[in-house]
Amino acid sequence: MATGPQKYPGASTAYWWQKTWGGDLMEVNTCVLHTTEGVGLPNYDGGSMAPNLTAVADMTAKRLRWHQHFDIDRSSRALRNLAGGVQTNTLNVTQVELDGTCDYSKRERWGNRTAGKDYIYWGNPPDWALRDLAELLRWINANHGVPLTGPSMWLTYGPDSRRAGITPASYGASPARMSFSQWTNFRGICGHQHVPENDHGDPGSLPFTKLIALAKEGTDQKDPGQSGGTPTKNAPATPEVSLAKLVAAARSNPAAKGTPVTYAGVRTVEAALVAEGLLAKGRLDGHYGSDTVKAYSRWQLKLYPGASTKPGGAADGIPGKDSLTKLGKKHGFTVTA
(Lines give C-alpha, C1' and ligand atoms only; values in the text may rest on other atoms or scores of the structure.)
Protein backbone atom coordinates (compact mmCIF):
# COMPACT_ATOMS: atom_id res chain seq x y z
CA MET A 1 0.00 0.00 0.00
CA ALA A 2 1.05 3.64 -0.38
CA THR A 3 3.39 4.84 2.37
CA GLY A 4 5.42 7.98 2.95
CA PRO A 5 4.51 11.57 2.08
CA GLN A 6 2.52 11.83 -1.14
CA LYS A 7 3.02 15.52 -1.95
CA TYR A 8 6.40 16.96 -2.91
CA PRO A 9 7.04 19.95 -0.61
CA GLY A 10 6.42 23.25 -2.37
CA ALA A 11 4.73 21.74 -5.44
CA SER A 12 1.58 23.43 -6.71
CA THR A 13 -1.53 21.25 -6.98
CA ALA A 14 -3.46 23.77 -9.05
CA TYR A 15 -3.53 21.24 -11.91
CA TRP A 16 -4.54 18.15 -9.97
CA TRP A 17 -5.54 15.44 -12.44
CA GLN A 18 -5.94 12.58 -9.98
CA LYS A 19 -9.50 13.71 -9.22
CA THR A 20 -10.39 13.25 -12.90
CA TRP A 21 -8.30 10.24 -13.86
CA GLY A 22 -7.89 8.32 -10.60
CA GLY A 23 -5.00 5.88 -10.90
CA ASP A 24 -3.91 2.74 -9.08
CA LEU A 25 -2.44 2.74 -5.59
CA MET A 26 1.05 1.27 -5.53
CA GLU A 27 4.39 1.36 -3.72
CA VAL A 28 6.81 3.12 -6.08
CA ASN A 29 10.31 1.77 -6.66
CA THR A 30 11.07 3.48 -9.97
CA CYS A 31 11.11 7.06 -11.28
CA VAL A 32 10.83 7.74 -15.02
CA LEU A 33 12.09 11.06 -16.40
CA HIS A 34 10.56 12.70 -19.50
CA THR A 35 10.92 16.01 -21.31
CA THR A 36 7.82 17.98 -22.34
CA GLU A 37 9.33 19.17 -25.65
CA GLY A 38 7.71 22.51 -25.04
CA VAL A 39 8.00 25.63 -22.92
CA GLY A 40 5.71 26.08 -19.95
CA LEU A 41 3.22 23.77 -18.25
CA PRO A 42 1.38 21.48 -20.70
CA ASN A 43 -2.33 20.71 -20.47
CA TYR A 44 -1.59 17.01 -21.09
CA ASP A 45 -4.82 16.70 -23.07
CA GLY A 46 -6.90 17.44 -20.02
CA GLY A 47 -4.67 15.30 -17.82
CA SER A 48 -5.13 12.12 -19.86
CA MET A 49 -1.37 11.93 -20.48
CA ALA A 50 -0.16 13.64 -17.30
CA PRO A 51 2.79 12.52 -15.13
CA ASN A 52 2.95 12.71 -11.34
CA LEU A 53 5.06 15.87 -11.41
CA THR A 54 6.10 18.55 -13.89
CA ALA A 55 9.13 20.80 -13.45
CA VAL A 56 8.65 24.20 -15.13
CA ALA A 57 11.84 26.20 -15.58
CA ASP A 58 11.83 29.73 -14.14
CA MET A 59 14.72 31.04 -16.23
CA THR A 60 14.76 34.40 -14.44
CA ALA A 61 14.83 33.06 -10.89
CA LYS A 62 17.02 30.12 -11.96
CA ARG A 63 14.90 27.45 -10.33
CA LEU A 64 12.49 24.67 -11.21
CA ARG A 65 8.91 25.30 -10.13
CA TRP A 66 7.10 22.07 -9.39
CA HIS A 67 3.52 21.15 -10.26
CA GLN A 68 2.03 17.90 -8.96
CA HIS A 69 -0.81 16.12 -10.74
CA PHE A 70 -1.01 12.75 -8.93
CA ASP A 71 0.20 11.45 -5.56
CA ILE A 72 3.68 9.91 -5.63
CA ASP A 73 2.27 6.40 -4.99
CA ARG A 74 -0.54 6.75 -7.54
CA SER A 75 -0.12 5.62 -11.15
CA SER A 76 -0.08 8.46 -13.68
CA ARG A 77 -0.51 8.39 -17.47
CA ALA A 78 2.60 9.53 -19.37
CA LEU A 79 3.74 6.13 -20.69
CA ARG A 80 2.37 4.06 -23.52
CA ASN A 81 0.92 0.73 -22.37
CA LEU A 82 0.17 -1.87 -25.05
CA ALA A 83 -2.00 -4.95 -24.82
CA GLY A 84 0.09 -7.97 -23.90
CA GLY A 85 3.68 -7.57 -22.76
CA VAL A 86 4.22 -5.74 -19.48
CA GLN A 87 2.61 -3.00 -17.41
CA THR A 88 4.21 0.44 -17.66
CA ASN A 89 2.30 3.25 -15.91
CA THR A 90 1.09 0.97 -13.12
CA LEU A 91 4.30 -0.98 -12.45
CA ASN A 92 5.29 0.92 -9.27
CA VAL A 93 6.40 3.95 -11.29
CA THR A 94 6.30 7.65 -10.46
CA GLN A 95 6.84 9.94 -13.46
CA VAL A 96 8.42 13.37 -13.88
CA GLU A 97 8.17 15.65 -16.92
CA LEU A 98 10.90 18.28 -17.40
CA ASP A 99 9.93 21.49 -19.16
CA GLY A 100 12.17 22.07 -22.19
CA THR A 101 13.72 19.82 -24.81
CA CYS A 102 16.17 16.97 -25.26
CA ASP A 103 16.36 17.47 -29.05
CA TYR A 104 20.00 17.88 -30.10
CA SER A 105 18.94 20.08 -33.03
CA LYS A 106 17.63 22.60 -30.46
CA ARG A 107 20.73 22.57 -28.25
CA GLU A 108 21.47 26.22 -29.05
CA ARG A 109 18.43 27.76 -30.71
CA TRP A 110 14.72 26.89 -30.85
CA GLY A 111 13.10 29.26 -33.28
CA ASN A 112 13.72 32.71 -31.81
CA ARG A 113 14.58 31.29 -28.38
CA THR A 114 18.07 30.72 -26.95
CA ALA A 115 19.04 27.67 -24.89
CA GLY A 116 19.98 28.51 -21.31
CA LYS A 117 18.23 31.87 -21.56
CA ASP A 118 14.70 31.07 -22.72
CA TYR A 119 14.50 27.29 -22.25
CA ILE A 120 16.47 24.28 -21.04
CA TYR A 121 18.22 21.84 -23.35
CA TRP A 122 18.40 18.81 -21.07
CA GLY A 123 21.40 17.36 -22.87
CA ASN A 124 23.36 20.21 -21.29
CA PRO A 125 21.18 21.73 -18.55
CA PRO A 126 22.30 24.64 -16.35
CA ASP A 127 23.73 23.63 -12.99
CA TRP A 128 20.78 25.11 -11.07
CA ALA A 129 18.27 22.98 -13.01
CA LEU A 130 20.26 19.79 -12.49
CA ARG A 131 20.61 20.57 -8.79
CA ASP A 132 16.85 21.16 -8.37
CA LEU A 133 16.11 17.88 -10.16
CA ALA A 134 18.66 16.11 -7.95
CA GLU A 135 16.91 17.51 -4.89
CA LEU A 136 13.65 15.89 -6.00
CA LEU A 137 15.35 12.53 -6.58
CA ARG A 138 17.01 12.75 -3.16
CA TRP A 139 13.58 13.34 -1.58
CA ILE A 140 12.01 10.41 -3.47
CA ASN A 141 14.87 8.18 -2.37
CA ALA A 142 14.65 9.27 1.28
CA ASN A 143 10.85 9.03 1.53
CA HIS A 144 9.98 6.23 -0.89
CA GLY A 145 13.15 4.17 -1.18
CA VAL A 146 13.64 4.60 -4.94
CA PRO A 147 17.34 3.75 -5.48
CA LEU A 148 19.65 6.50 -6.73
CA THR A 149 20.95 4.43 -9.60
CA GLY A 150 19.96 3.64 -13.16
CA PRO A 151 21.04 2.68 -16.68
CA SER A 152 24.45 3.78 -17.89
CA MET A 153 23.30 4.37 -21.47
CA TRP A 154 21.41 7.63 -22.09
CA LEU A 155 21.44 8.05 -25.86
CA THR A 156 21.25 11.42 -27.57
CA TYR A 157 18.00 12.49 -29.18
CA GLY A 158 20.04 13.21 -32.28
CA PRO A 159 23.24 11.68 -33.71
CA ASP A 160 25.14 9.37 -31.36
CA SER A 161 28.15 7.16 -32.18
CA ARG A 162 26.73 4.44 -29.94
CA ARG A 163 23.94 3.95 -32.48
CA ALA A 164 25.61 5.09 -35.66
CA GLY A 165 23.46 5.74 -38.69
CA ILE A 166 20.19 6.15 -36.78
CA THR A 167 18.93 9.61 -35.85
CA PRO A 168 17.54 10.33 -33.33
CA ALA A 169 19.59 7.58 -31.70
CA SER A 170 17.46 7.34 -28.55
CA TYR A 171 14.19 6.82 -30.46
CA GLY A 172 12.56 3.45 -31.05
CA ALA A 173 14.13 0.04 -30.47
CA SER A 174 17.49 1.36 -29.31
CA PRO A 175 20.10 -0.59 -27.31
CA ALA A 176 19.10 1.54 -24.29
CA ARG A 177 15.52 0.21 -24.33
CA MET A 178 14.92 -2.43 -21.63
CA SER A 179 13.54 -5.87 -22.33
CA PHE A 180 10.33 -6.90 -20.56
CA SER A 181 12.24 -8.80 -17.89
CA GLN A 182 14.74 -5.97 -17.32
CA TRP A 183 11.87 -3.52 -16.91
CA THR A 184 9.93 -5.79 -14.56
CA ASN A 185 12.98 -6.19 -12.32
CA PHE A 186 14.24 -2.61 -12.57
CA ARG A 187 14.46 -0.39 -9.49
CA GLY A 188 15.84 3.15 -9.72
CA ILE A 189 15.84 6.18 -12.04
CA CYS A 190 15.46 5.82 -15.81
CA GLY A 191 14.20 7.75 -18.81
CA HIS A 192 11.29 7.39 -21.19
CA GLN A 193 13.87 6.08 -23.68
CA HIS A 194 14.46 3.02 -21.48
CA VAL A 195 10.83 1.86 -21.06
CA PRO A 196 9.59 -1.06 -23.21
CA GLU A 197 6.40 -0.74 -25.29
CA ASN A 198 7.39 2.92 -25.80
CA ASP A 199 9.35 4.48 -28.65
CA HIS A 200 10.02 8.01 -27.36
CA GLY A 201 13.67 8.95 -26.86
CA ASP A 202 13.44 11.54 -24.10
CA PRO A 203 15.14 12.83 -22.02
CA GLY A 204 18.02 12.18 -24.42
CA SER A 205 21.63 12.54 -23.29
CA LEU A 206 20.78 13.75 -19.78
CA PRO A 207 24.04 14.00 -17.75
CA PHE A 208 22.92 11.16 -15.51
CA THR A 209 26.19 10.49 -13.69
CA LYS A 210 26.41 14.12 -12.61
CA LEU A 211 22.72 14.17 -11.66
CA ILE A 212 23.02 11.12 -9.41
CA ALA A 213 26.22 12.43 -7.82
CA LEU A 214 24.33 15.62 -6.91
CA ALA A 215 21.39 13.60 -5.58
CA LYS A 216 23.74 11.65 -3.31
CA GLU A 217 25.33 14.75 -1.79
CA GLY A 218 24.70 14.81 1.95
CA THR A 219 23.87 11.10 2.03
CA ASP A 220 26.07 8.14 2.91
CA GLN A 221 25.66 6.68 -0.57
CA LYS A 222 28.59 6.43 -2.95
CA ASP A 223 28.68 7.83 -6.46
CA PRO A 224 27.35 5.40 -9.07
CA GLY A 225 30.66 5.11 -10.89
CA GLN A 226 28.91 5.01 -14.24
CA SER A 227 30.59 6.50 -17.26
CA GLY A 228 27.40 7.48 -19.07
CA GLY A 229 29.27 7.00 -22.33
CA THR A 230 29.99 3.28 -22.48
CA PRO A 231 27.17 1.05 -23.59
CA THR A 232 26.56 -1.45 -20.81
CA LYS A 233 23.58 -3.59 -19.93
CA ASN A 234 21.11 -2.24 -17.41
CA ALA A 235 21.92 -3.86 -14.07
CA PRO A 236 19.01 -3.41 -11.65
CA ALA A 237 19.29 -4.82 -8.17
CA THR A 238 17.76 -8.27 -7.90
CA PRO A 239 14.33 -7.92 -6.27
CA GLU A 240 13.48 -10.03 -3.24
CA VAL A 241 10.15 -11.68 -2.52
CA SER A 242 9.29 -12.76 1.01
CA LEU A 243 7.57 -16.15 0.98
CA ALA A 244 5.75 -15.44 4.26
CA LYS A 245 4.40 -12.07 3.06
CA LEU A 246 3.42 -13.51 -0.32
CA VAL A 247 1.53 -16.40 1.28
CA ALA A 248 -0.23 -13.94 3.62
CA ALA A 249 -1.27 -11.87 0.59
CA ALA A 250 -2.48 -14.99 -1.23
CA ARG A 251 -4.58 -16.11 1.73
CA SER A 252 -6.12 -12.66 2.24
CA ASN A 253 -7.46 -12.61 -1.37
CA PRO A 254 -7.79 -8.80 -1.41
CA ALA A 255 -10.40 -6.84 -3.28
CA ALA A 256 -9.80 -5.89 -6.88
CA LYS A 257 -7.87 -3.08 -8.54
CA GLY A 258 -7.99 0.32 -6.85
CA THR A 259 -7.66 -0.88 -3.25
CA PRO A 260 -4.37 -0.83 -1.32
CA VAL A 261 -1.90 -3.54 -2.29
CA THR A 262 -1.22 -5.97 0.55
CA TYR A 263 2.39 -6.71 -0.41
CA ALA A 264 4.47 -5.09 -3.17
CA GLY A 265 6.21 -8.40 -3.98
CA VAL A 266 2.96 -9.68 -5.45
CA ARG A 267 3.63 -7.58 -8.56
CA THR A 268 7.02 -9.23 -9.04
CA VAL A 269 5.44 -12.69 -8.93
CA GLU A 270 2.54 -11.65 -11.15
CA ALA A 271 4.97 -10.23 -13.73
CA ALA A 272 6.73 -13.61 -13.82
CA LEU A 273 3.39 -15.38 -14.29
CA VAL A 274 2.53 -12.97 -17.15
CA ALA A 275 5.90 -13.76 -18.76
CA GLU A 276 5.08 -17.48 -18.44
CA GLY A 277 1.78 -16.91 -20.26
CA LEU A 278 -0.17 -18.05 -17.19
CA LEU A 279 -1.72 -14.71 -16.18
CA ALA A 280 -3.34 -12.07 -18.36
CA LYS A 281 -1.41 -8.82 -18.42
CA GLY A 282 -4.47 -6.91 -17.32
CA ARG A 283 -4.51 -8.88 -14.07
CA LEU A 284 -1.02 -7.68 -13.08
CA ASP A 285 -2.41 -5.39 -10.40
CA GLY A 286 -0.55 -6.26 -7.19
CA HIS A 287 -3.51 -8.14 -5.70
CA TYR A 288 -3.15 -11.87 -5.07
CA GLY A 289 -6.78 -12.51 -5.95
CA SER A 290 -8.50 -15.50 -7.55
CA ASP A 291 -6.93 -14.93 -11.00
CA THR A 292 -3.43 -14.93 -9.52
CA VAL A 293 -4.23 -18.03 -7.45
CA LYS A 294 -5.33 -19.84 -10.62
CA ALA A 295 -2.26 -18.65 -12.53
CA TYR A 296 0.09 -19.77 -9.78
CA SER A 297 -1.71 -23.10 -9.64
CA ARG A 298 -0.97 -23.52 -13.36
CA TRP A 299 2.71 -22.79 -12.63
CA GLN A 300 2.70 -25.46 -9.91
CA LEU A 301 1.10 -27.95 -12.30
CA LYS A 302 3.92 -27.29 -14.79
CA LEU A 303 6.37 -28.26 -12.05
CA TYR A 304 4.32 -31.06 -10.51
CA PRO A 305 2.07 -32.62 -13.19
CA GLY A 306 -0.99 -34.27 -11.71
CA ALA A 307 -0.69 -32.50 -8.34
CA SER A 308 -3.89 -31.76 -6.45
CA THR A 309 -5.41 -28.31 -6.90
CA LYS A 310 -7.57 -28.70 -3.81
CA PRO A 311 -6.76 -26.56 -0.70
CA GLY A 312 -3.54 -27.87 0.79
CA GLY A 313 -2.54 -29.62 -2.45
CA ALA A 314 0.80 -29.05 -4.16
CA ALA A 315 -0.95 -27.06 -6.92
CA ASP A 316 -3.50 -25.10 -4.88
CA GLY A 317 -2.19 -21.71 -6.04
CA ILE A 318 -0.59 -20.84 -2.69
CA PRO A 319 3.17 -20.41 -3.15
CA GLY A 320 5.58 -22.88 -1.61
CA LYS A 321 9.32 -22.45 -1.21
CA ASP A 322 10.28 -24.83 -4.03
CA SER A 323 7.84 -23.51 -6.64
CA LEU A 324 8.56 -19.87 -5.79
CA THR A 325 12.34 -20.38 -5.84
CA LYS A 326 12.13 -21.98 -9.28
CA LEU A 327 9.95 -19.14 -10.57
CA GLY A 328 12.38 -16.59 -9.16
CA LYS A 329 15.40 -18.32 -10.64
CA LYS A 330 13.78 -18.21 -14.07
CA HIS A 331 12.54 -14.61 -13.84
CA GLY A 332 15.19 -12.78 -11.84
CA PHE A 333 14.06 -12.49 -8.22
CA THR A 334 15.29 -14.15 -5.02
CA VAL A 335 13.16 -15.68 -2.30
CA THR A 336 13.48 -14.82 1.39
CA ALA A 337 11.67 -16.28 4.40
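The values are calculated or read from the model by the stated rules, or taken from the named source; none is laboratory data. Everything numeric in this text was worked out from a predicted model, so none of it was measured. Cβ sites come from the backbone with ideal geometry, for glycine too, and all protein chains shown count toward neighbours.
Residues being crowded, with 24+ Cβ neighbours inside 10 Å, in a loop (DSSP other than H, G, I, E, B), in contact with an Asp or Glu (Cβ under 9 Å, 6 or more places away or on another chain) and at pLDDT 95 or above: count how many of those fall in segment 79-112.
So the count comes out to 1.
Any residue that is in a strand (DSSP E or B) and farther than 30 Å from L284 by Cα - is there at least one of those in segment 147-166?
Applying the first criterion (in a strand (DSSP E or B)) to segment 147-166 yields 157.
Those still in the list that are farther than 30 Å from L284 by Cα too: 157.
Looking through segment 147-166, at least one residue is in a strand (DSSP E or B) and farther than 30 Å from L284 by Cα.
Considering each residue of segment 157-184, count those that are surrounded by fewer than 23 Cβ atoms within 10 Å (Cβ to Cβ), touching a residue at least 24 places away in the same chain (Cβ under 8 Å) and of a type in the set (S, T, N, Q), and give that number.
3
Can you tell me which residues in segment 111-136 are touching a residue at least 24 places away in the same chain (Cβ under 8 Å) and of a type in the set (F, W, Y)?
Y119, W122, W128
Can you name the residue in segment 203-213 that is buried (at least 20 other Cβ atoms within 10 Å of the Cβ) and of a type outside the set (S, T, Y) and is also nearest to S170 (Cα to Cα) among such residues?
We begin by selecting, within segment 203-213, every residue buried (at least 20 other Cβ atoms within 10 Å of the Cβ); these are 203-206, 208, 211-212.
After this cut, where a residue has to be of a type outside the set (S, T, Y) as well, the list is 203-204, 206, 208, 211-212.
Working: P203: 9, G204: 6, L206: 11, F208: 15, L211: 19, I212: 20 Å.
Here the answer is G204.
Applying the selection to segment 167-192, what residues are aromatic (F, W, Y) and either over 29 Å from K281 (Cβ atoms) or in a loop (DSSP other than H, G, I, E, B) (or both)? Can you show your working first?
Let us first name the residues in segment 167-192 that are aromatic (F, W, Y), namely 171, 180, 183, 186.
Y171, F186 - these are the residues of segment 167-192 that are aromatic (F, W, Y) and either over 29 Å from K281 (Cβ atoms) or in a loop (DSSP other than H, G, I, E, B) (or both).
Across segment 306-336, what is the total count of residues that are more than 27 Å from the chain's Cα centre (by Cα), assigned to a helix (DSSP H, G or I) and exposed (fewer than 15 other Cβ atoms within 10 Å of the Cβ)?
First, pick out the residues of segment 306-336 that are more than 27 Å from the chain's Cα centre (by Cα): 306-318, 320-323.
Those left that are additionally assigned to a helix (DSSP H, G or I): 321-323.
Pick out the ones that are also exposed (fewer than 15 other Cβ atoms within 10 Å of the Cβ) and you get 321-322.
Qualifying residue count for the region: 2.
Does segment 9-25 contain any residue that is under 27 Å from I212 (Cβ atoms) and part of a strand (DSSP E or B)?
Yes, segment 9-25 has at least one match.
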